[in-house]
Amino acid sequence: MLNVIWAFLIVSGIAACLFRTVFLGEADAPGKMVSALFASGSASMEILVGLCGMMCFWLGVSRIMESTGLTEALARRLRPLFRVIMPGVPDGHPALGSITMNLAANMLGLDNAATPLGIRAMKELETLNPRKGVATDAEIMFLVINTSAVTIFPVSVILYRAKFGAAMPTDVFLPILIATTCSTLVGFLAVAFCQRLSLLRAPLLAFFAALAGLGAGVACWAAYAGANLASQATAVSNSLLLAFIAGVVLYGTLKKQSVYDAFIKGAKEGFSVTFAILPYLVAMLAAIAVFRASGLLDLVLDGFRWAFAAAGCDTTFVDALPVAAVKPLSGSGARGMMLSVFQQFGPDSLQGRIASIMQGSTETTFYVLAVYFGAVGITRVRHAVWCGLAADLASCVAAILVGYLFFG
């Protein structure tokens with residue numbers, strides 16, 4: 001599937017570029033596409049360099065946890081849930097601890113911590129894979145949960161809204177929480193359907209009840225904190241992060257483990273893992289750059305605008321759709337689209353608020369797929385793409401509906 005998608009992005013983009021050049025007389029179209037293609041290569045290296053240091057650090061911390069038994073203890077706590085959603089992963093496997101830490105980092109909005117831990121988890125899941133190069137059920141479940149991205153603290157979106165002068169930068173907090181919950185739920189249900197998992201199990205029902213309770217608690221905090229929510233959430237997230245690092249090192253020291261040696265061992269692994277990702281990252285970013293530079297994305301959006309107008313629907317939200325359209329392909333590209341909406345319509349416009357909800361409620365499906373699966377050499381992704389895109393679609397629809405409900 002990934003081969004087909006990658007080829008489609010490249011071939012359709014170049015075909016559209018040639019059509020514009022030959023039939024529409026846009027002589028500069030090929031030059032713009034070549035520039036975008038070369039820029040994608042530079043962007044790949046910039047991403048990799050930025051990722052390398054954090055990868056080494058977090059895999060070092062993860063190795064300390066493993067050597068002290070913290071990873072195994074963490075996995076035991078969630079064993080009943082993992083038995084339901086990842087039945088192919090045996091009890092006590094180290095992947096379960098890394099998965100737990102990755103999901104916790106995602107919920108707190110700690111992207112720099114989540115990616116290395118996610119790659120570590122994927123590498124550990126790959127040790128159970130009997131068919132190298134083909135994604136397992138557990139790997140797909142883990143990846144789709146990551147791409148659907150339950151984020152309790154969408155700090156970056158709130159800060160960008162504040163930077164652009166929003167009257168109440170945090171007014172999208174609850175809508176984002178609703179939309180990201182819808183995204184995760186749909187992504188999980190899509191994978192469960194494909195893998196024929198039983199949903200009426202006590203651990204799973206308890207997890208969703210806990211998630212709903214957490215969401216309600218955070219919503220109450222948001223109402224109480226008001227305009228101070230962004231600064232408070234940043235302080236809480238960073239404090240939890242620092243406390244976690246200190247706790248791991250202190251626990252390892254008290255257990256008389258060689259924490260420095262364990263950290264160095266994990267950091268060396270992080271260096272090699274990071275550069276193994278480069279070919280996959282270059283391939284995906286190049287295809288995305290070609291497709292965006294071709295103008296096909298703009299054409300698709302114009303078609304949506306015409307279709308909704310013909311049906312008698314309000315088309316205001318269409319101005320925010322570039323965020324949702326680009327988000328599965330590029331996180332930085334989607335952020336740029338959101339900022340463009342802010343500049344054109346303002347952060348407090350309906351378009352600006354819907355764009356904010358879209359940006360904060362899901363992850364970059366193809367980027368996560370390229371990085372996580374690329375780290376373990378998986379090329380046959382099975383139903384991972386479609387389940388991830390189902391979560392993206394749910395996020396987009398929920399963002400539009402919630403945006404109109406709260407601000408329309």
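Every number here is computed from the coordinates shown, using simple stated rules; none is lab data. Everything quoted here is computed from the prediction, not taken from an experiment. Every residue, glycine as well, gets a Cβ built from its backbone with ideal geometry; the counts of neighbours run over all protein chains shown.
About the centre of its Cα atoms, the chain shows a dipole size close to 900 debye [charges on the beta carbon of Lys, Arg (+1) and Asp, Glu (-1) only; nearest 20 debye].
To the nearest 10 degrees, how steep is helix 259-276 against the longest Cα principal axis of the chain, on a 0 to 90 scale? The helix 259-276 is inclined about 30 degrees to the chain.
Put in line by how crowded their Cβ is, counting other Cβ atoms within 10 Å and starting with the fewest, Lys327, Lys256, Lys265 read Lys256, Lys265, Lys327. When the pairs Lys265/Lys327; Lys32/Lys327; Lys163/Lys327; Lys123/Lys265 are compared against a 25 Å limit on Cα-Cα distance, Lys265/Lys327 fall above it.
In the chain, the longest principal axis of the Cα atoms and the axis of helix 331-345 are about 50 degrees apart. Separation of segment 142-216 and segment 229-296, taken as the distance between their Cα centroids, equals 21 angstrom. Sequence-ordered 3J(HN,Hα) estimates for segment 293-298 from the Karplus curve with 6.51, -1.76 and 1.60 and θ = phi - 60° stand at 6, 6, x, 5, 4, 4 Hz, glycine and proline given as x. In the elastic network of the chain, a GNM with C-alpha springs shorter than 10 Å, the most mobile of Ala179, Ala36, Ala15 is Ala15.
Counting every other Cβ atom within 10 Å of each residue's Cβ, His93, His383 order from fewest to most as His383, His93.
Which whole-angstrom value gives the distance between the alpha carbon centres of segment 64-136 and segment 348-408? Each part reduced to its Cα centre gives a spacing of 22 Å. Seen against the Cα atoms of the chain and their longest principal axis, helix 350-360 is set at about 30 degrees.
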